[in-house]
Amino acid sequence: MKKIQAFSYLVLGLLIVLETKAQTMQFVTSSRPADTSNKATGAASEATVVKNLHLLPLFGEVAKSGEQIEFEINFLNDCDQNFPTRKEASEFFSARGWEYLDEGDLDTACYRFNLAYLLNPQNADTYWGLGVVCFQQGHITDAERMLRKGVDLDSTNVGLLVDLATVDLIHFKESSDKWELMEAEQILNRAIRLDTTFATAYLKKSVLEFHKGNYDASWDNLHKTRVLDIELLDYDFMKELLAKKCDPLGIFSTPN
């Protein structure tokens, strides 16, 4: 269930691709600002830095301070006493991360995914979750980097693959770089080979074909989406497609 929920967050990336930016930004949380006050000094200041790093993907990917190292040792020791293995502990904290994501608490979700990463850097789910956190914060480049890390570890995760393709489509919209379309197509084709019933993959493929000017193929993939899950249809996108070419099946038409 968690993977379906997680994937739904990036489905909304299509709104970016289709230039409905006002709707897109509603999924960007108002991130808690870092404490830049210079009044705190010594241990208190270092503890604040550690706390802030907890709210950054992979703890900010910076050199660890003594305070951070001490925190990690204590945390890992506690987990070793309470879980059969660190792998299971990582899965536990990753699951909590998805729950907080579902509630819209991006800071806490990020922290839980960071803890899952600390326990098991090979847990692809943590990178997927952090990618979604970055995406919702509007940090698209960081989102792509996290998702790529996840795909490198689990290249058969269909939802993760389609999320990465979504980011490629967004980057294409921003840059018109055809390489982004090429990569998105390769990823989506792989995802569909892995699971021919994953409706959102066909929706993204429809958008991709639209950008390539292949409107028949775009309609074909949109109808595959309709058959699998009609609730996924994006009617704003459909209007754009109708403006380019009428529905070959005659099911949809431009409102009078």
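The values are calculated or read from the model by the stated rules, or taken from the named source; none is laboratory data. Worth saying up front: this structure is predicted, and the values here are computed from it rather than measured. Cβ coordinates were reconstructed from backbone atoms using ideal geometry, including for glycine residues, and neighbour counts include every protein chain displayed. Keep in mind that these areas ignore ligands, DNA and RNA; they rest on the heavy atoms of the full protein, side chains included. Shrake-Rupley method; radii C 1.70, N 1.55, O 1.52, S 1.80 Å.
Taking 0.36 nm per intervening residue step and subtracting the Cα-Cα distance, what contour gain separates residue 87 from residue 176 on full extension? Show your work: numbers first, answer last.
Working: separation 89, 0.36 × 89 = 32.04 nm, distance 4.10 nm.
Difference between extended and current length: 27.9 nm.
Distance between Cα centroids, the range 135-172 to the range 61-77: provide it in whole Å.
Their Cα centres are 28 Å away from one another.
Calculate, for the range 185-245, the solvent-accessible area per residue in square angstrom, rolling a 1.4 angstrom probe over the heavy atoms of the protein chains.
Ligands and nucleic acids excluded, the figure is 48 Å² per residue.
Which length gain, in nm to one decimal place, applies between residue 249 and residue 231 when the Cα-Cα distance is subtracted from 0.36 nm times their residue separation? Can you show the working numbers first?
On the way: separation 18, 0.36 × 18 = 6.48 nm, distance 1.88 nm.
Between residue 249 and residue 231, full extension yields 4.6 nm more.
Considering only Cα-Cα distances, which of the following residue pairs are longer than 26 Å: 173/239; 87/205; 205/244; 87/149; 149/244; 87/224? All intermediate terms of the calculation are to be shown ahead of the outcome.
Working: 173/239 18 Å; 87/205 35 Å; 205/244 17 Å; 87/149 18 Å; 149/244 37 Å; 87/224 38 Å.
Correct reply: 87/205; 149/244; 87/224.
Could you give the length gained on full extension between residue 102 and residue 152, defined as 0.36 nm per residue of separation minus the Cα-Cα distance, in nm?
Details: separation 50, 0.36 × 50 = 18.00 nm, distance 2.48 nm.
Stretched fully, the residue 102-residue 152 segment lengthens by 15.5 nm.
Go ahead and run the numbers for FRET between residue 196 and residue 61, Cβ-Cβ distance against an R0 of 35 Å, rounding to 0.05. Show your work: numbers first, answer last.
Values: r = 37 Å, r/R0 = 1.06.
Once the sixth-power term is evaluated, E becomes 0.40.
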